[in-house]
Structures are given as C-alpha cells and as structure tokens.
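Have a look at the structure below, then the notes.
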Amino acid sequence: MKVFNGLNKFFNYNFIVFLLLFISIPDVKGEINGNKKIINGTELYDTNGHVINAHGGGFLKIGNYYYWVGENRKNGVFVSCYRSTDLINWEFRGDLLTRQSHPELDKANIERPKVIYNDKTKQFVMWMHYEYGRDYSYARAAVAYSSDIEKPFTFLKNFRPFGNMSRDCTLFKDTDSVAYFISSARENYDMCVYKLTDDYLDAKEYITTLWPGGHREAPALLKRDKYYFMMTSGCTGWEPNQAKYAYAKSIIGPWSELINIGDSTTFNSQSTFILPIEGKTKTSYLYVGDRWDGKKYFNSTYIFLPIEFTNDTSMKLNWTDKISPDMTTGELVK
Ligand code: GAL
C-alpha cells in the first residue's frame, strides 16, 4: 500500500509539473509577445517583458527589420528604439536621446520623434517637437542625427522653421529621396510643409500652408500609386477626435478638402504614423495611433488598424480588436 501511495504521489507530482509547464510556457510567452497578434488598446511588451514606451512614434524599415522610434519619457529618456521582423515581437535596442544628450535638453520635452535615412550622408536623421519647460509655448522643431539607428543620436539644434511655430509634426521621405517636414504652426491653426536640405538637417524651403485656420495636428503621410495621403487629427489635446484625410498628386499640392475617416474619436486614438507593409501579394498600410491617457501618460496604449482603399483616392479605417500582419504576403489578418 505504501509503495503504491509513493508511486501515486510521484506520478501526481510529475504530472502536475508537466501540466503546468505545458500550459504556462506558451501562455507566458504569449502574454509577453502579445499573443502572436497586436492587441489594440493594451500594453505591449518587448521581448524582455518590459512595457514598450514609444508613443508619438515613427517606423523605418532596414533590411528585414522594422524599427520603431518613439517617446519614452521615463527616467530622463526622451526617445527609445525597438525593432521587430513581425511587428509583434519587439526587441528593445537602445535609447537614442536622453536629458543628458545635450545641454538644450536638460529641461526639454520631446514629442513625436520621426527618423528617416539619408542615402548620401549615410546618417539617420531625427526631427521632433521640442519644448522647453512645462508648457507648450516654445513650439519649436529640433533635429538630431546618428550613423546607427540603434545608437545615441547627436542633438543638433532646436528652432522655428522659417520663424514659424512648430508643434505636432512628421517627416516624409519621398520615392525620389526628397524629404519633407510637416508641422502644425500658428498655434496649431495651420499645417506647414517644408522641403529639407539634401542632408535632411535643415529646412531648405517653406512650401505651403495646408488648410489655413483648419486647426489640424498629428500629421501622418503615405504614398500609394499616384496619390499622397495625409491623415491629421483635430486639436483637442490628449482627448481623441475625428481624424480626417486629404489626398494630392504632389506633396506641394493642391490637396483635396479634408474628409472624415474612422469614427468620431478615431476609435479613441490619435494618428502618429502610417506604416506600409510591402509583401509578395500586396502592399498594406497600417494606421498607427496613440490611445492617450492624458491623466496618466504611461497608461497610454497603441492602436494598429488596417487602412482600406475603396478606390484611388478613398480610404477607410475600421476597428479591429487584434491584428496580425503577414510579413510574407503583406496581408493584414484581423
Ligand atoms: C496633442 C498632441 C500630443 C501632445 C498633446 C498635449 O494634441 O498631439 O503630441 O502634444 O496634445 O496636450
């Protein structure tokens, strides 16, 4: 009887350990890596199990890697860098800009960093919204650069392009390698477009003011076939509002009127980037937005939604809880 009890205990113990391992390992991995899908509006974790801090961010594809560069805001870090091959498992790669990077950053606030690569100078160039002190009255742009997207950037300067205020912003590198900086000016009433110098380190030309008095911010651009598209939000601070888009055959314009997209709160998010995913079957476009928590910034999450085109100039944004990009085909599986 004793022998039988012993065997029984041994069997039970091992069986329970086996069961726990079997059940818990994939679960824990799934939790850390977002369950093989991006789950919208939840905390996302990097491969070390830390919450991803990369708000107001931008993306850049280098080889097989997608790099995600965005606002960190923790422990004096302004901008952090992550990379992934599937947009689900993100490796933390380093802090690109911190309070210590430059004396002009000691009391700064950095928002909406975006990075593009300059093929001639072989530098990664970052543009961002720069504030100094607690409020948003500085309203400047800033520029930094690095020869390695994973290594600290050199902070170059902060300034008002052509004397204009500059808050929410984005960068866009066109297929001919000409790059543009687009930012909200005149207390966010206007959206200004600037052409960059060949090294991307300065604004060479003021091009145009889009929708003067339109009060738009959070610009995000994409180019598809013959058309450029720009998504923007209204100006309600951390509160979400109705996103609108416009299209044009040239960045210089003329741009169409503003057209509503998504629902009245853009599914409780604000645009930060539109990420093209070029697969063998198709190129898809992924809307990336921030679901801000204005009271507790670090409770803010991310929203990734497929953009659907109904014709050359009409795009749609529909809600999905989860999304899984197929990096081979380019399909966005909901
Ligand atoms: C938003 C803007 C954010 C941040 C926030 C502060 O409108 O897009 O980047 O500046 O206001 O209230």
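Can you tell me which residues in region 124-139 are buried (at least 21 other Cβ atoms within 10 Å of the Cβ) and either more than 12 Å from the ligand (Cβ to nearest atom) or among the polar types (S, T, N, Q) (or both)? Of everything in region 124-139, those that are buried (at least 21 other Cβ atoms within 10 Å of the Cβ) and either more than 12 Å from the ligand (Cβ to nearest atom) or among the polar types (S, T, N, Q) (or both) turn out to be F124, V125, M126, W127.
Looking at region 263-293, which of the residues that are on the phi > 0 side of the Ramachandran plot and away from the ligand (no atom under 13 Å from the Cβ) is most open to solvent (accessible area, probe 1.4 Å)? Before the answer, list the steps.
Let us first name the residues in region 263-293 that are on the phi > 0 side of the Ramachandran plot, namely 266-268.
Still in the list and also away from the ligand (no atom under 13 Å from the Cβ): 267-268.
Details: F267: 35, N268: 60 Å².
Ranking the qualifying residues of region 263-293, first place goes to N268.
Which residues, taken from region 90-123, are within 16 Å of T197 (Cβ to Cβ) and within 16 Å of the ligand (Cβ to nearest atom)? Those that are within 16 Å of T197 (Cβ to Cβ) and within 16 Å of the ligand (Cβ to nearest atom): none in region 90-123.
The values are calculated or read from the model by the stated rules, or taken from the named source; none is laboratory data. Model, not experiment: these values are computed from the prediction. Because the Cβ atoms are built from the backbone with ideal geometry, glycine has one as well, and the counts that use them run over all protein chains shown. With ligands, DNA and RNA removed, areas are computed over all heavy atoms of the protein, side chains included. Shrake-Rupley method; radii C 1.70, N 1.55, O 1.52, S 1.80 Å.
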